[in-house]
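Have a look at the structure below before the remarks.
All of the numbers you see were taken from the coordinates with simple rules; none came from a lab. Note that the coordinates shown come from a computational prediction; the quantities given were computed from them, not determined experimentally. Cβ: placed from backbone, ideal geometry, glycine included. Neighbour counts: every protein chain shown.
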Amino acid sequence: MSILASRLERIKPSPTIAVTTKAKELRAAGKDVIGLGAGEPDFDTPDNIKAAAKAAIDRGETKYTAVDGTPELKEAVVAKFKRDNGLDYAPENITVGTGGKQVLFNAIMATVEEGDEVIIPAPFWVSYPDIVLLAGGEPVAVPCSQNNGFKLRAEDLDKAITKKTKWVILNSPSNPSGAAYSREDMKAITDVLKKHEHVWVLTDDMYEHLVYDDFQFCTPAQVEPSLFDRTLTMNGVSKAYSMTGWRIGFAGGPVELIKAIAKIQSQSTSNPSSISQAAAVEALNGPQDFIASNNEVFKKRRDMVVDALNKAPGLDCARPEGAFYVYPSCAGVIGKVTPRGDTIKSDTDFVKYLLEDALVACVQGEAFGLSPHMRISYATSTEALEQACERIHKACEALR
Ligand code: PLP
């Protein structure tokens, strides 16, 4: 008999990590692979944030802290939610975890019971369904097509809600599509949620600051204040502050839920790193101007990649509002035959062809619940992106 618990059978290893591993293997074998699978900015963490971490070490802030965040960081998060989102949270409404991922994991573990449904618009971040499954819940994916800008339509949300719905997870700007909800888009969604009082809202605002072309970010509890008492507003420093390795995420929500999240954290990891918390205080309270300069670079790359992909035969790429991903449709290459004689039957086949024959690593749409698409991350150097787009173009042209 296996030592492993049966709950492990409900989930799969991260498909994005599988692509990265395959790309690494090819690189180790001497192949010049360009990786477009990464979900992290290629910029370094700003110097003032690094200095704050060093100062914390020198002050001896190297001990356990309060389980779900230091008072200083909670105050900084309260100020952030007020400043950026107009939300009035008190410190007891705030939780800090080891990345947004842990906050999300704890929130689902604390609330989802066997058979509870969680609505997840597709394409989705790969971890949502698996965390729900691990908790014994049922992920309910609602397809959001490219024609609707990869956004959830109010009528589709309304139809997906049942008596068993516990949460709806929203993620704007989205990983993997980059799509972001305008205030009007969000209002249509919150109007539906207002009617269904048993449904809670988990909003993953991780890419809040990564928006282009003067797009105005909004979050559900801001657009519909009556949802405030049943919303968990999740965010973090990983993406906007180039701090993926520091592992700090946070959320604001009702005290009962925040306490439950802390209870789970107290019996698993305890506090996130004391040093990372000090760095996150500086990230949130310090200068924010580098975000706009990073966004200038991201926007240029987005435009270059979208334009190049739309010239490749068989691809159709929308120009997303935010994040650092594009999610082109590869419907036009399905059914075509590669120079080796293999028929491309799915986005997984196409991504495999791109990796093996064009030496470009992307992630298949299947992993994110909406096919036939692929995710390309433009959080990599402009030169590498240009070369990758050229290779993708040639690979599409070589199909018959
Ligand atoms: N939510 C989304 C949509 C993400 O893309 C990611 C990271 O890839 C996370 C949450 C997790 O971020 P963190 O590094 O804070 O755990």
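Springs between alpha-carbon pairs under 10 angstrom, Gaussian network model over the chain: which of 66, 135, 240 fluctuates most?
The residue that fluctuates most here is 66.
Each label point is 7 Å from the Cα along the Cα-to-Cβ direction; what then is the distance between the points at residue 130 and residue 28, in nm?
Using points 7 Å along Cα→Cβ, the separation is 2.0 nm.
Using only C-alpha atoms and all pairs of different ones, pull out the Kirkwood radius for the range 49-114 in Å with one decimal. Mind showing how you got there, number by number?
Working: mean 1/r = 0.0725 Å⁻¹.
Answer for the range 49-114: a Kirkwood hydrodynamic radius of 13.8 Å.
Could you work out the relative contact order of the chain, using alpha carbon pairs under 8 angstrom and six or more residues apart, expressed as a whole percent?
With pairs under 8 Å counted, the relative contact order is 22 percent.
Just the C-alpha atoms of the chain: what Rg/Rh do they give, with Rh taken as the Kirkwood radius? The partial results should precede the final answer.
Numbers: Rg = 21.2 Å, Rh = 21.9 Å.
Radius of gyration relative to Kirkwood radius: 0.97.
Please report the antiparallel percentage of the DSSP beta bridges confined to the range 63-285, to the nearest 5.
Numbers: 8 of 26 bridges.
Percent antiparallel among DSSP bridges in the range 63-285 is about 30.
Starting from the 7 Å offset along Cα-to-Cβ, what nm value, one decimal, do you get for the label separation of residue 5 and residue 58?
With each label placed 7 Å out from Cα toward Cβ, I get 4.4 nm.
Rounded to the nearest 0.05, what FRET efficiency do residue 299 and residue 148 have when you use their Cβ-Cβ distance and R0 = 22 Å? Don't skip to the answer; put the middle values down first.
Details: r = 23 Å, r/R0 = 1.05.
Here the calculated transfer efficiency is 0.45.
Which aspartates and glutamates does residue 345 reach when only Cα atoms under 18 Å apart count, and residues fewer than 8 places away in its own chain are ignored?
Those aspartates and glutamates meeting the cut-off are 316, 356, 357, 366, 397.
Put +1 on the Cβ of each Lys and Arg and -1 on the Cβ of each Asp and Glu in the range 174-239; which of 237, 220, 209 then has its Cα farthest toward the positive end of the dipole?
Value computed over the given set: 220.
Suppose each label sits 7 Å from its Cα in the direction of the beta carbon; what would the residue 244-residue 285 distance come out to in nanometres?
Between residue 244 and residue 285, the simple spin-label model gives 2.9 nm.
For the range 63-285, take the alpha-carbon Rg, divide it by the Kirkwood Rh, and send me Rg/Rh. Provide the component values of the computation, followed by the final result.
Details: Rg = 16.3 Å, Rh = 17.4 Å.
Ratio value, two decimals: 0.94.
If neighbour count is taken as other Cβ atoms inside 10 Å, put 256, 386 in order from fewest to most.
256, 386
Give me the three principal axis extents of the range 236-287 from the C-alpha atoms, as integers in angstrom, largest value leading.
Cα spread of the range 236-287 along its principal axes, largest to smallest: 33, 22, 16 Å.
Report, in debye and to the nearest 20, how large the dipole of the range 63-285 comes out about its Cα centre when Lys and Arg carry +1 and Asp and Glu carry -1 on their Cβ.
Working: 21 positive and 28 negative charges, 60 e Å.
Dipole size: approximately 280 debye.
By a straight-distance test (C-alpha under 22 Å), which lysines pair with residue 263 as possible cross-link partners, with residues fewer than eight away in the same chain excluded?
The qualifying lysines are 63, 74, 101, 166.
Run the numbers for residue 47 and residue 386: contour at 0.36 nm per residue of separation, minus the present Cα-Cα distance, in nm. Write down the numbers at each step before the final one.
Values: separation 339, 0.36 × 339 = 122.04 nm, distance 2.89 nm.
Net length gain for the segment: 119.1 nm.
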